[in-house]
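Chemist: Take this structure first; my questions come after.
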Amino acid sequence: MKKLKYIGITIVTLILLGLAFYGFMGGFKQVAVSRESFGQTEIYYSTHKGAYENIGKSWESFQKDWESIGITDCDSLAIYLDSPDTEPAKLRSVLGCRLDGLSAEQKKQVSAKFKTFSIPKMNGLSASFPFKNFLSYFIAPTKVYPKFQEILIAESAVTSVAIEIYGGSSKSVDTIGFFMPVGVSRDTFKSLEDAFQ
């Protein structure tokens, strides 16, 4: 009986610790969605095709490439071209850094090494989620995108991509930003789709 009691206490303790950690990560946080504008933003970018859990390797490779030309910080974001229910092997993600803040010489070097894209000014749905550690990249989408989807369905609105804003790579950030353009043609992002061909 004592053994069963200790097992029960251990299980309850682990559950409570798990719930506490989930709460710390923002898992119980209510996501507030607002209507905002995004852009115009010039980025240089790299691409990732495949499951999202492997995107870290693509970021590392991208970072090595921009560091090789003397860039020390990336004001980062990612553009996700496919819906989450797409077959994992076919998912397409664009990993980008803003050109804002770079010198003329750095922009010249970047343009010689990377493809660039101008995100136009767009209106859409916006939200943010607390950033605690790398697990936030996995928890945040499960909280934010269902809220976006509720609004899109209720309003019969159409979106074309999802944008996540991560901020500077050399500075600590408190939140991950999320943006979904509404009523923006998919053709706007055709050059990004073409980058995967």
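FYI, it's all coordinate maths here, none of it is from the lab. Nothing here was measured: the structure is a model prediction, and the numbers come from that model. So basically every Cβ, Gly included, is an ideal-geometry build from the backbone, and we count neighbours across all protein chains shown.
Chemist: Taking 7 Å along the Cα-to-C-beta vector as the label spot, tell me the D174-S34 distance in nanometres, rounded to one decimal.
Modeler: Distance between the two pseudo-spin positions: 1.3 nm.
Chemist: Above 20 angstrom, tally the Cα pairs of region 39-192 and express them as a % of all pairs, no decimals.
Modeler: I get 50 percent for the Cα pairs in region 39-192 exceeding 20 Å.
Chemist: Give me the extension gain from E87 to A112: residue separation times 0.36 nm, minus the current Cα-Cα distance, reported in nm with one decimal.
Modeler: Result: 5.7 nm gained on full extension.
Chemist: Right, another one. Expressed in nm to one decimal, what extension gain is obtained for the pair F196 and A154 from 0.36 nm per residue of sequence separation less their Cα-Cα distance?
Modeler: Fully extending the segment from F196 to A154 adds 11.8 nm.
Chemist: Right, here's the next one. Can you run phi through the Karplus equation (6.51, -1.76, 1.60; θ = phi - 60°) for region 153-167 and list ³J(HN,Hα) in whole Hz, with x for Gly and Pro?
Modeler: Taking θ as phi minus 60°, the curve returns 5, 4, 9, 6, 8, 10, 10, 10, 8, 10, 10, 10, 10, 9, x Hz for region 153-167.
Chemist: With a ≥ b ≥ c the root eigenvalues of the C-alpha gyration tensor of region 101-197, is it rounded (a/c under 1.5), prolate (a/b larger than b/c) or oblate?
Modeler: Numbers: a/c = 2.34, a/b = 1.24, b/c = 1.89.
Verdict is oblate for region 101-197.
Chemist: When the convex hull of the Cα atoms of region 144-197 is projected onto a plane and the area is averaged over all directions, what value comes out in nm²?
Modeler: Details: hull surface 20.9 nm².
Taking the Cα atoms of region 144-197, their convex hull projects to 5.2 nm² on average.
Chemist: How big is D, in µm² s⁻¹, for region 73-142 by Stokes-Einstein at 4 °C and 1.567 mPa s if Rh is the Kirkwood radius over C-alpha pairs?
Modeler: The diffusion coefficient I find is 86 µm²/s.
Chemist: Continuing with this model, one more query. Across 5 Å bins from the origin, how do the percents of Cα pairs in region 25-87 run, short distances first?
Modeler: Final binned percentages: 3, 11, 18, 16, 19, 19, 10, 3, 0.
Chemist: Residue separation times 0.36 nm, minus the C-alpha to C-alpha distance between K64 and D100: what's the value? Please list the in-between numbers first.
Modeler: Numbers: separation 36, 0.36 × 36 = 12.96 nm, distance 1.95 nm.
Length difference between fully extended and current span is 11.0 nm.
Chemist: Determine, for each peptide in 37-44, 48-55, the mean count of other beta carbons within 10 angstrom over its residues, then list the peptides with the highest first.
Modeler: 37-44, 48-55
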